[in-house]
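Data first, discussion second: the structure below is written as structure tokens.
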Amino acid sequence: HADSAMYQAKEAGRNNVQFYTPEVNAQHIRRLFIADGLRRALEQNELQLHYQPKIRAGCGRIIGVEALLRWTLPDGVHIAPDEFIPVAEDTGLILPIGQWVLKQACTNIVKWRAHANPNMRVSVNLSARQFKNQDIVSQIKKTLEDAQCPADALELEITESVLMERPDQVTSTLRTLHDMGIRLSIDDFGTGYSSLSYLRNFPIHELKIDRSFIEDITQDESHAAIVKAIITLAHSMKLTVLAEGVETEAQLHYLRNERCDHLQGYFFSRPLPGQALEELLLAGAEIT
Ligand code: C2E
Ligand code: MG
Ligand code: MG
Ligand code: MG
């Protein structure tokens, strides 16, 4: 936004009095502040991974966790991923940060598999910039080896828009990752524009229905219809399907009834620090 506004201002030429609006300026300064802070965040241990359980809808068992980045400034202020991930992407800092996330996630899942649940997986979000990076496959391979992490303990979440931008190119990367034994899921499904013919060709395992459709599933008939259609679509393509952002018992009942395979959301658990997640796993929780 800030960039396009500035571009328009520049285009308008030097006689334009609206060269910098106060809002554009404030946004720009905020981005500089984030970019600057992020450069130090990794070295100064300001980044942390939290883990949110994924549940099997039928039995309520934890089948895996999604790793989610958290950033706390030295003064205790939290910055949300939705704000800093885009800046990390633009600056390229997502590459070292993403590598750190992958390493943490793989190291922890090996520990939790040994101590708590031998079949569990960890899901890691991959951004567009990481996915397009030439070395992504060899980096992942090396990280798995270093952590002695079996490939089937790792799942990668990639958004629809990343996949559809250059579908032919991404298919070969996906194929390689798939053949290594890594699970692949499409995140925020329903918010982008998926071509169904490509979807059929991608070697993926799961569709994650975006939280915005789950939110009002019990009130909004059109969203309920979309959710039903995605579940049917996934199953007809032999994929599993997960609903994000399950917050209420009514949503749980609805999704169970519609045969949604996996669920994730505050109703079961918020994302937890590693230690708290481990305690939950050791308690052998079935969170229904
Ligand atoms: P996402 O991958 O779609 O993750 C789901 C988001 O929904 C998370 O927000 C999670 O905390 C939140 N959430 C889960 N259950 C509920 C619920 O019941 N209600 C509500 N209201 N929210 C729920 P979070 O952690 O703020 O992350 C936002 C986004 O930032 C993620 O969306 C993902 O796109 C990105 N992100 C987070 N960590 C990473 C990372 O390590 N790497 C990359 N590339 N992106 C990340
Ligand atoms: Mg995700
Ligand atoms: Mg999502
Ligand atoms: Mg999201």
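On the basis of being within 16 Å of ligand 4 (Cβ to nearest atom), outside any loop (DSSP other than H, G, I, E, B), at pLDDT 95 or above and surrounded by 15 or more Cβ atoms within 10 Å (Cβ to Cβ), does residue 110 make the cut? So residue 110 fails the test.
If you go through the stretch 46-73 and keep only what is surrounded by fewer than 17 Cβ atoms within 10 Å (Cβ to Cβ), at pLDDT 95 or above and not in a strand (DSSP E or B), you end up with 46, 73. Looking only at residues of the stretch 142-183 that are away from ligand 1 (no atom under 13 Å from the Cβ), crowded, with 20+ Cβ neighbours inside 10 Å and over 14 Å from residue 109 (Cβ atoms), we find that the one that is modelled with the lowest pLDDT is 163.
Among the candidates 269, 185, 194, the residue that is in a loop (DSSP other than H, G, I, E, B) and within 16 Å of ligand 4 (Cβ to nearest atom) is uniquely 194.
Please enumerate the residues belonging to the stretch 182-206 that are of a type outside the set (Gly, Ala, Ser) and either in contact with a Gly (Cβ under 8 Å, 6 or more places away or on another chain) or within 11 Å of ligand 3 (Cβ to nearest atom) (or both). Once the filter is applied, which keeps residues that are of a type outside the set (Gly, Ala, Ser) and either in contact with a Gly (Cβ under 8 Å, 6 or more places away or on another chain) or within 11 Å of ligand 3 (Cβ to nearest atom) (or both), the stretch 182-206 yields 186, 187, 188, 189, 191. Considering the stretch 207-228, the residues that are more than 15 Å from ligand 3 (Cβ to nearest atom) and of a type in the set (A, V, I, L, M, F, W, C) include one that is surrounded by the most Cβ atoms within 10 Å (Cβ to Cβ), namely 217.
Could you pull out the residue among 136, 231 that is modelled with pLDDT of 95 or more and buried (at least 17 other Cβ atoms within 10 Å of the Cβ)?
The unique qualifying residue is 231.
Select from the stretch 209-249 the residues that are part of a helix (DSSP H, G or I), in contact (Cβ under 8 Å) with a residue 12 or more places away in the chain and touching a helix residue (DSSP H, G or I) at 6+ places or on another chain (Cβ under 7 Å) and list them in ascending order. Explain how you work it out, then say what you get.
Kept after step one, since they are part of a helix (DSSP H, G or I), are these residues of the stretch 209-249: 211-215, 221-236, 249.
Retained after the next criterion (residues that are in contact (Cβ under 8 Å) with a residue 12 or more places away in the chain): 211-215, 224, 226-228, 230-231, 233-235, 249.
Of everything in the stretch 209-249, those that are part of a helix (DSSP H, G or I), in contact (Cβ under 8 Å) with a residue 12 or more places away in the chain and touching a helix residue (DSSP H, G or I) at 6+ places or on another chain (Cβ under 7 Å) turn out to be 213, 214, 226, 227.
The values are calculated or read from the model by the stated rules, or taken from the named source; none is laboratory data. Every value quoted in this text rests on a predicted model; they were computed, and no experiment measured them. Here the Cβ is made from the backbone with ideal geometry for all residues, glycine too, and neighbour counts use every protein chain on show.
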